[in-house]
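Working notes, structure below.
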Amino acid sequence: MIKSNQYEKLLQPLDLGYTQLRSRVIMGSMHTGLEEHYEGLGKMAEFFAARARGGVGLIITGGYGTSPRAALGPGSALMVTEEDSRKHEIVTQRVHEEGGLIALQLLNAGRQAYHPDAIAPSAIKSPIYPFPPHPLSEQEVEDELEGFVNAAALAQSSGYDGVEVMGPEGYLINQFLSSRSNQREDSWGGSYENRMRFPVEIVSRIRKRVGEKFIIVYRLSMLDLVPGGSSWEETVMLAKAIESAGATIINTGIGWHEARIPTIATMVPRAAFSSVTGKLKKEVSIPVSASNRINTPEVAEQILADNEADLVSMARPMLADPEFVNKARSGQRANINICIGCNQACLDHTFMGKRSSCLVNPRACYETELVYTPTEKAKKVAVVGAGPAGLAFSVVAAQRGHNVTLFDASNEIGGQFNYAKQIPGKEEFQETINYFRAELEKYAVTVCLGESIDADRLINDSYDEVILATGIVPRDLDLEGADHQKVLSYLDVIRDKKPVGKRVAIIGAGGIGFDVAEFLAHGKTNTALDKKSFFEEWGIDVGFTARGGVEGIKADVEPFPREIYLLQRKSSKVGAGLGKTTGWIHRTTMVNKGVKMLNGLSYQKIDDAGLHITLGDEPRCLEVDNVIICAGQESLRSLQEPLETANIPVHLIGGADKALELDAKRAIDQGSRLAAELQKWMVTPRLTLKFVHNGVKKWLLINAYFSPCYAQL
């Protein structure tokens, strides 16, 4: 393991001849929603400026369509006109002011476009997108080629230092390369030499247009992870041709969107695919960059030390912490806010048409709106509860200068994260706990663990504000036999490690239900950390020689140790409420492990025989050893009333405010935003308003929070 602060290779500059990257870190491309926001380029400028200031070697933007038909969807961002180019000058200027370099990603969605004008090499519809594509004529192929070249030239004129040509993930370039989507019989189809003409021509023509002193990154699909994908020999052939055509850097792409294998979620091992980049590195002489699930400086340094890459591309880690590189350089590894690969605020938001952010860093993409300014007057603040909401509030409030004391009855910080981190595939949650622990120390938060705080103490200690982040408890089940000895709560299982039998019924198929099922169904190996087990479970060729990395490879799922039923009352698909981009992974995992998922049922009773249900019109008894309740939570608010009675200003955040499963995204965001606003408000705990309604005088006694100007009225 690399010792803290010794990231020699990661922090080395990379000389490209006419320019230099100041570190080996590329901020990988992400679509954030700022691309289409009406004030998006101004917000994007500050978003990227923060990462440039943080020491990133090269920033790559989200994908911009190279023609109207190339767009991801209606209204998606394009780079096709001079006006488009001029608007981007604010972005490039801000990045350059912070000493950074930035490239615009050029993207043609092809048949993966969400609009009726989708195009493709052949009239073959994507299995996951609804619109049948229009097959391109030879002239239209030329038009789309020139779209890439025009977009690159426009990017150069707006001040970008380079472009990235988006070649993987099943977009148009990938569609030309693969026989599964290219069945043309002209010079753009047939043999692989013909099919690869499209990307080679793109790079060659861009280089001719922009000259030598301009970065061209080609993102190459090194593993398609779909049957009919490229063979390894074809991948090498393309890489060499791309190098000859004038590319500066080859970046790694893994998997088509339609691939049914996880590539960036938290259950994917760190640096799972770096060895395929290392294999290609031996075949070309230009720098290559590894990508996918590289989230710590240790992992990145090891990839470089093992000669698997010349650069590392980290996208979501730069959402989590814009100062990632600077902190690694200055010996603050413990204070890096590590990406946990949850996808909840980044990719899930993108696929729901919302602005992206980050679960562990709600300032991501909100740099101009969520601002942590120093407080003008420090307040004495008590925070009760050291879960995600309480931790986020405490750190931000203390960072701004408030005097914060954090209480928790547990002997460790983290709250519900201490349960989540025990779920196989969610071990990364420990990184967030580690980060908050370091930040509490850095900003001198007084931490009182292992003691239950009561209202009298909070009142007597004269706090200016009390923040209740006391969280949630499992809701009792209203069912005959709910107190039977077979019945356990999810806390009994995960926290208290009570024994669980071989046959189990889980009531509630939300996120907690799936977590408990994963916890109980898991075998001996930990696929979140072990690449070999992960590849075996998902049917990936460990030698990367199979076509697409998967063709002919049979998944090898470890036998599960229990018979498990995962149950829900709703008739909708089990797990329909899980994350947009990770729900399918959890459902697939359950199916592979033999978990029986039942929906549209009602619960009758629990007795010695087991759990009695009605499925459709059929009464059944599930003969189980244990019934585990994962059916809702209730907020803990017992301190609220006595504090308010004593005129102490009280704020509820996280689960104490709303019991919405284990919603860490909302909890951290809410805690951070409340702490950011704390200086702006003066408190008048009790205020009597006198007014006249229909000729009758009335008085209203309220708890009120006013800005300083109104408080003086």
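Just so it is clear, none of the values below were taken in a lab; they were calculated from the coordinates. Not measured: the values here are computed from a predicted model. Positions of Cβ are generated from backbone atoms using ideal geometry, with glycine treated the same way; all protein chains shown enter the neighbour counts.
Quick notes
- Rule-of-thumb Rg ratio for region 1-120 [Cα; 2.2 N^0.38 Å; N residues]: 1.22
- Distance from region 7-63 to region 160-231 (C-alpha centre basis), Å: 23 Å
- Mean shadow area of region 109-162, taken as a quarter of the surface of its Cα convex hull (nm²): 4.5 nm²
- Extreme residue, positive dipole direction of the chain, given options Val226, Pro199, Tyr565 (C-beta unit charges): Tyr565
- Calculated Rg/Rh (Cα atoms, Kirkwood Rh) (choose from (i) 1.00; (ii) 0.98; (iii) 0.96), label: (i)
- Toward the positive end of the charge dipole of the chain, with +1 on the Cβ of Lys and Arg and -1 on the Cβ of Asp and Glu, the farthest Cα among Gly577, Asn418, Ile124 is that of Asn418.
- Taking the fewest neighbouring Cβ atoms within 10 Å as the starting point, the ordered list for Met318, Met352 is Met352, Met318.
- Residue by residue, region 17-29 carries 3J(HN,Hα) couplings of x, 8, 7, 9, 7, 7, 8, 8, 9, 9, 7, x, 5 Hz when phi is fed to the Karplus relation 6.51 cos²θ - 1.76 cosθ + 1.60 (θ = phi - 60°); x denotes Gly or Pro.
- Across the options Ala469, Gly62, Phe436, the greatest Cα extent toward the positive end of the charge dipole of the chain (unit charges at beta carbon of Lys, Arg, Asp, Glu) belongs to Ala469.
- Ordered by the count of other Cβ atoms within 10 Å of each Cβ, fewest first, Val396, Val141 give Val141, Val396.
- Our coupling estimate for region 93-103, obtained by passing each phi through the Karplus curve with A = 6.51, B = -1.76, C = 1.60 and θ = phi - 60°, is 5, 5, 5, 5, 4, 8, x, x, 10, 9, 10 Hz, Gly and Pro reported as x.
- Between 0 and 90°, nearest 10: helix 388-399 axis offset from the chain longest Cα axis: 80 degrees
- Were the residues from Met237 through Glu480 laid out at 0.36 nm apart, the gain over their Cα-Cα distance would be 80.8 nm.
- Debye-sum result for region 162-231 in log10 I(q)/I(0), which assumes one identical scatterer on each alpha carbon, at q = 0.16, 0.20, 0.24 Å⁻¹: -0.56, -0.81, -1.03
- Karplus-derived 3J(HN,Hα), 6.51/-1.76/1.60, for each residue of region 537-546, Hz, glycine and proline x: 5, 9, x, 9, 5, 5, x, 6, 9, 5
- Summing Cβ point charges (Lys, Arg +1; Asp, Glu -1) relative to the Cα centre of the chain gives a dipole of roughly 640 debye.
- Chymotrypsin sites (Phe, Trp or Tyr not before Pro) restricted to DSSP loop in region 305-394 with at most 11 other C-beta within 10 Å: none
- Its Cα centre serving as origin, region 139-278 has a Cβ charge dipole (Lys and Arg +1, Asp and Glu -1) of approximately 400 debye.
- Cα-based reach from Lys208 at 20 Å (exclusive), listing aspartates and glutamates while leaving out same-chain residues under 8 positions away: Glu82, Glu142, Asp143, Glu144, Glu146, Asp161, Glu164, Glu243
- Restriction of the GluC sites (Glu not before Pro) in region 207-291 to DSSP coil positions whose beta-carbon has at most 15 other beta-carbons within 10 angstrom yields Glu212, Glu283.
- Cα pair distances in region 390-430, grouped into 10 Å bins until the bin that holds the longest one, percent each: 28, 38, 29, 6
- In the chain, the calculated helix contribution to ellipticity at 222 nm averages -8500 deg cm²/dmol per residue, counting -39,500 (n - 2.57) for every DSSP H run with n ≥ 4.
- Region 46-136: trypsin sites (Lys or Arg not before Pro) falling in loop per DSSP and having at most 11 other Cβ within 10 Å: none
- Normalised per residue, the volume of the convex hull around the Cα set of region 26-337 (Å³): 121 Å³
- Degrees separating the helix 232-245 axis from the principal Cα axis of the chain, which is the longest one: 70 degrees
- Cα convex hull of region 412-511 - mean projected area over all directions, nm²: 9.6 nm²
- Relative contact order %, the chain, counting alpha carbon pairs below 8 Å whose residues are six or more apart: 12 percent
- Region 82-183, Cα convex hull volume normalised per residue, Å³: 110 Å³
- The C-alpha atoms of the chain define a longest principal axis, and helix 583-592 lies at about 90 degrees to it.
- For the residue pairs Lys421/Lys570; Lys573/Lys596; Lys282/Lys327; Lys240/Lys532; Lys426/Lys532, the alpha carbons lie more than 21 Å apart in Lys421/Lys570; Lys282/Lys327; Lys240/Lys532.
- Diffusion constant of region 456-545 at 37 °C, which comes from Stokes-Einstein with the Kirkwood Cα-pair radius and 0.692 mPa s, µm²/s: 187 µm²/s
- Shape of region 85-140, Cα gyration tensor, a/c cut at 1.5: prolate
- Rounded to the nearest 20 debye, dipole of region 26-337 from Cβ charges on Lys, Arg, Asp, Glu: 680 debye
- Lys380, Lys421 arranged by Cβ crowding within 10 Å, fewest neighbours leading: Lys380, Lys421
- Listed by chain and number, the lysines whose C-alpha is less than 19 Å from the C-alpha of Lys43, apart from same-chain residues fewer than 8 away, are Lys87, Lys354.
- Computed over the alpha carbons of region 481-640, Rg followed by Dmax gives 17.9, 62 Å.
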